[in-house]
Amino acid sequence: MLIKYEFLKILRKKSTLIVMAVSLIFTAFLFGLPIMQYQTYNQDGVIKGAEGIDYQKRQYSDLSVFLSEKYINKTILGVQHLFENSDNVGYDGNEQFLIGDAYWNAIAPREKLLNMIAKTYDSPDENSGYNKLRDLDVTNGVNFYQTMKSKIDSLLNAPSRELSNEQKEYWSSMASRVDTPLQYGYYEGWEIIMSSFELLMFAILAICIVVAPAFSGEYQAGTDAVILAGKYGKTKLITAKIVSSFLFGIFALTLHIVLACGLPLTAFGINGWNLPVQIANTTIPYPFTFLQAALLSICIIYMILLAMISLTLLLSSKMKTPYLVLVVLIPILFIPMFLTPNGTTGTYNLILFLLPYRATMPEIGKYISYQFGSLVLDAFSVRAILYAILTIIMLPFVRLGFKKHQVA
């Protein structure tokens, strides 16, 4: 009954409704922007919004294929054949590219696929487009998946990464579990979701704003004396406040996630949920589909939320007003937004990748790993463990902070 009472107390506050309404509208705006701003091109010019999305989907209708060595060989030879006709080729002073019908009919509908194939053959410091395929020697076969493995090995062994032998073995072993041949297809909606998870930090902030008065609001209103003198004021009521705050946070974040994922998937379709993330970048080591990567990222965001609620409750139990709680909390949540990693190793970078804002980013292509003796863990695992531990550690101090509060 106390949990129900505290939960309804949170829900019925006018400030809760206002903050949540603003947060949901803001989330809808942020995750709706890629839909509103979407544009693609054909020979007649730019196609925007929903019309552009429908056009791009039609372009992908024949690209749901397995990328076998034979298919990739045929694709590369087709591009090379187009370059053999000088009428198809343009030059901007730096590189050659296809123009006219050769580009719009043969390249444009599958340029993303062609760029992905070409990039696989790049050295780690290159970033080529489909025109790289013109110069590839495929006389003895394309060796696409061997090249893919070799590129991952080159990245792992790059001196700038400073990876230990155990870390190299960890990532190499993980990459070896990727199923081949890769299946290609349309995945626009999932790509947008995966690249936008950090925007949910604003939802986490909104939830913390709502939870902040849990204890400090009682101090501010002067009801702390009555509560602490009550039969369950120092026992069950504290538990009820903590549990109801967690329940509200999970409920509110779920609404935001449904909205954040629902908008792109409604506009772009759910196509691609079962496709491997390697079709976005063949050097990604995680053997996940887009759906698996998204669900894992969402789980981490929930873990971050629970830790942030625990921190909010701890501050609330120690401070006299909710405003002071937010003064401390907002910098913790958003200062990392202005910090940029300069690599994937070193104390600064490894700490930065664990801070709340950066921890919401999947970073699935960066080989971020943490080594403890001979044990190597990836960023997902360390983030989950860290935020679970922080949540567990802080909760007893929340109880203690309210119990030990001195009534004015």
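The values are calculated or read from the model by the stated rules, or taken from the named source; none is laboratory data. Everything quoted here is computed from the prediction, not taken from an experiment. Counting neighbours? That spans all protein chains shown, and the Cβs are built from the backbone with ideal geometry, glycine included. SASA here: full protein model, heavy atoms, side chains in, ligands and nucleic acids out. Shrake-Rupley method; radii C 1.70, N 1.55, O 1.52, S 1.80 Å.
Within 22 Å of Val277 (Cβ to Cβ), touching a Ser or Thr at 6+ places or on another chain (Cβ under 8 Å) and surrounded by fewer than 18 Cβ atoms within 10 Å (Cβ to Cβ): does that describe Leu324?
no
Checking the structure you have, find out if any residue of the stretch 334-341 is aromatic (Phe, Trp, Tyr), assigned to a helix (DSSP H, G or I), open to solvent by less than 20 Å² (accessible area, probe 1.4 Å) and closer than 28 Å to Leu295 by Cα.
No: the stretch 334-341 contains no residue that is aromatic (Phe, Trp, Tyr), assigned to a helix (DSSP H, G or I), open to solvent by less than 20 Å² (accessible area, probe 1.4 Å) and closer than 28 Å to Leu295 by Cα.
Which members of the stretch 204-223 meet the condition of being at pLDDT below 65 and surrounded by 21 or more Cβ atoms within 10 Å (Cβ to Cβ)?
The answer is Tyr219, and nothing else.
Report, by residue number, each residue of the stretch 8-67 that is within 28 Å of Arg110 (Cα to Cα), open to solvent by less than 90 Å² (accessible area, probe 1.4 Å) and part of a loop (DSSP other than H, G, I, E, B).
Selection gives Tyr38, Tyr60, Ser61, Leu63, Ser64, Val65, Leu67.
Ala293 - would you say it is more than 24 Å from Leu67 (Cβ to Cβ), outside any loop (DSSP other than H, G, I, E, B) and in contact (Cβ under 8 Å) with a residue 12 or more places away in the chain?
no
For the list (1) modelled with pLDDT of 90 or more; (2) under 22 Å from Thr312 (Cβ atoms); (3) open to solvent by less than 30 Å² (accessible area, probe 1.4 Å); (4) β-branched (Val, Ile, Thr), I need the number of the one condition that Val398 fails.
(1)
Can you tell me which residue in the stretch 361-380 is farthest from Ser160 (Cα to Cα), limited to those that are aliphatic (A, V, I, L, M) and assigned to a loop (DSSP other than H, G, I, E, B)?
The qualifying residue farthest from Ser160 (Cα to Cα) is Met361.
Scan the stretch 120-128 and tell me whether some residue there is farther than 12 Å from Gly78 by Cα, at pLDDT 90 or above, not acidic (Asp, Glu) and not in a helix (DSSP H, G or I).
yes
How many residues are surrounded by 13 or more Cβ atoms within 10 Å (Cβ to Cβ), of a type in the set (Val, Ile, Thr) and closer than 20 Å to Gln167 by Cβ if we restrict to the stretch 342-360?
Going through the stretch 342-360 one residue at a time, the tally reaches 3.
Counting only residues that are touching a residue at least 60 places away in the same chain (Cβ under 8 Å) and out of contact with any Leu (no Cβ under 8 Å at 6 or more places or on another chain), which one in the stretch 100-119 is nearest to Ile72 (Cα to Cα)?
The residue in question is Met116.
Return the only residue of Glu162, Glu95 being in contact (Cβ under 8 Å) with a residue 12 or more places away in the chain, open to solvent by 70 Å² or more (accessible area, probe 1.4 Å) and either farther than 26 Å from Tyr286 by Cα or aliphatic (A, V, I, L, M) (or both).
Glu95
Report the residue count in the stretch 90-119 for those that are of a type outside the set (Gly, Ala, Ser), part of a loop (DSSP other than H, G, I, E, B), out of contact with any strand residue (DSSP E or B) (no Cβ under 6 Å at 6 or more places or on another chain) and more than 20 Å from Asp137 (Cα to Cα).
The number of residues fulfilling the criteria is 2.
Out of curiosity, is Phe215 in a helix (DSSP H, G or I), in contact with an Asp or Glu (Cβ under 9 Å, 6 or more places away or on another chain) and of a type outside the set (D, E, K, R)?
yes
Restricting to the stretch 139-186, name every residue that is over 19 Å from Thr289 (Cα atoms), assigned to a loop (DSSP other than H, G, I, E, B) and polar (S, T, N, Q).
Answer for the stretch 139-186, where residues must be over 19 Å from Thr289 (Cα atoms), assigned to a loop (DSSP other than H, G, I, E, B) and polar (S, T, N, Q): Thr139, Asn140, Asn143, Asn157, Ser164.
Can you confirm whether Leu305 is open to solvent by less than 30 Å² (accessible area, probe 1.4 Å) and either touching a strand residue (DSSP E or B) at 6+ places or on another chain (Cβ under 9 Å) or among the aliphatic types (A, V, I, L, M) (or both)?
yes
Being closer than 22 Å to Val277 by Cα, surrounded by fewer than 19 Cβ atoms within 10 Å (Cβ to Cβ) and of a type outside the set (Val, Ile, Thr), is that true of even one residue in the stretch 381-392?
Yes, some residue in the stretch 381-392 is closer than 22 Å to Val277 by Cα, surrounded by fewer than 19 Cβ atoms within 10 Å (Cβ to Cβ) and of a type outside the set (Val, Ile, Thr).
Residue check: is Ile368 open to solvent by 20 Å² or more (accessible area, probe 1.4 Å) and among the β-branched types (Val, Ile, Thr)?
no
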